[in-house]
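J.: Could you have a look at this structure, given as structure tokens, before my questions?
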Amino acid sequence: MTMAKARSEQRDNSAGRTVGRPFTKGASGNPGGRPKLPPELRERAQSYSVEAIDTLRALMVDDGQPGSVRVASASAILDRGHGKPVATVDVRPKRSLADYTTDELLALAMLAGEDGDAGLAN
């Protein structure tokens, strides 16, 4: 059985959810994106911004609060004031392709969605 055929076969798990790839490659299960928050709800939430920051500050400086609460409050204030820190990921390969065995290259090709037998010989 080829990898493409195996991927196309789906089964249901005990919770009744589809396991595997329920969408065709390149298709989104949510093409419209996340639904927008209703404007009146957004406005109401924003009207409490100053009070929310004041509450976070009060928790942050209260020595009677557990450290986890104080740190979470400080983190929330910093995130809102300066933005969340950007996460960086090093995706550079550790090895040259010439250093991989044929079996490793075939496995990588299958992970990338290829059949693995498209012109590659053992």
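J.: By counting other Cβ atoms within 10 Å of each Cβ, how are S75, S47 ranked from fewest to most?
T.: With the fewest neighbours first, S75, S47 line up as S47, S75.
J.: Let me ask something else about it. Round to the nearest 0.05 the FRET efficiency obtained for F23 and S49 when R0 = 30 Å and r is the Cβ-Cβ distance.
T.: 0.20
Every number here is computed from the coordinates shown, using simple stated rules; none is lab data. Predicted model, so just to flag it, every value in this text is computed and none were measured. With ideal geometry, Cβ positions are generated from the backbone for all residues, glycine too; neighbour counts draw on all protein chains shown.
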